[in-house]
Structure formats: structure tokens, C-alpha cells
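Data first, discussion second: the structure below is written as C-alpha cells.
Here, each number is a calculation from the coordinates, and none is a lab measurement. These figures come from a predicted structure and were not determined experimentally. All Cβ positions, glycine included, derive from the backbone under ideal geometry; neighbour counts span all protein chains shown.
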């Protein structure tokens, strides 16, 4: 059964993600591995990890699909979640970020499918502007949860 809910704002991204992880009843310290593009996905990964900080999980950022370069996220007081020291990949949940599916990125859907198959754990996706749909990833990746946000409109005010 699939259900679709439409929410708004940053809380419309963060609250459902936290509820998803909370509903998994993961043991304390379980690893959430976020696969994404450095610089593009990293700020969103830090927000997602920060929103779930009270669940006592371990968060890990994997740039592209390069698990050898994985980095732990840690809470920095008065700053928020930040990417830190290297860490080993042992996910209880995989989170694929939409930046991986953008045209011009070095990552491929075959790499995503290989990681999902290798780890055999639930997969969540977080993207903007229907990136997974536009890139053809939806029929190929078994997303347990898909958060697809829209940044529209963008209003710019500039004093001349």
C-alpha cells in the first residue's frame, strides 16, 4: 500500500523523515548512511541528521558511492550537525539524496542499485524538483520513503 501526503516548508521534509526513522524502532546507535554529493547534498544531510538527533542514531555521509571516503556526522554545540572524522559503513537504513541523480553527476543508477543490493536494508530518498522521477530512478530503486520537495517560487528581493 502506498500513501501520499503533501506538506509544506522545511518541517514538511524533516518531520516525516524523523517519524520514518522513529517508526523503524532501530536500536540505539544504528547507522543511517546518507549517500549524496558533497557541497550540494551535504547541507540537507546535516539538516536531516539534526532533526533526528534525539533518536540516538549514528549518521554517516558517503560522498557519491565512495564508501572509502565515508565521514561521520556529529553534533557541534550551537552549530548543529557537521561532517567530521572518517567512519565505516554499516547501515541500518540507506538514504539516497537526489543530487546523485542530477544530470552531469559522476554517479549512476547502477551504483545506487549495487549499494542497495549489497547492504539489503531499507532505503529512503530525499530529493527536490522530482529529481528521482526525472532521472528514471523511481522504478529501479525500492524506496521505502520518498520525500520530494519543491523549491518554488523563489523570491529575490534586492535593494538597488
Run the simple label-point estimate for residue 85 and residue 6 please: 7 Å along Cα→C-beta, distance reported in nm. 4.7
Listing 117, 3, 30 from the residue with the fewest other Cβ atoms within 10 Å to the one with the most, what is the order? 3, 117, 30
List the pair-distance distribution P(r) of the chain, using every Cα-Cα distance, as the percent of pairs falling in each 5 Å bin from 0 up to the bin containing the longest distance, rounded to whole percents. 1, 9, 19, 23, 21, 15, 7, 3, 1, 1, 0
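What does DSSP give for the chain in terms of the percent of beta bridges that are antiparallel, rounded to the nearest 5? It would help to have the intermediate numbers written out before the result.
Details: 8 of 29 bridges.
Taking every DSSP beta bridge with both residues in the chain, the antiparallel ones total about 30 percent.
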Calculate, in nm to one decimal, what residue 105 and residue 154 gain on full extension: separation in residues at 0.36 nm each, minus their alpha carbon distance. 15.2 nm
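From the square roots a ≥ b ≥ c of the eigenvalues of the alpha-carbon gyration tensor of segment 62-116, which class results: rounded (a/c under 1.5), prolate (a/b over b/c), or oblate? Present the calculation step by step, with values, prior to reporting the outcome.
Numbers: a/c = 2.33, a/b = 1.70, b/c = 1.37.
The shape class here is prolate.
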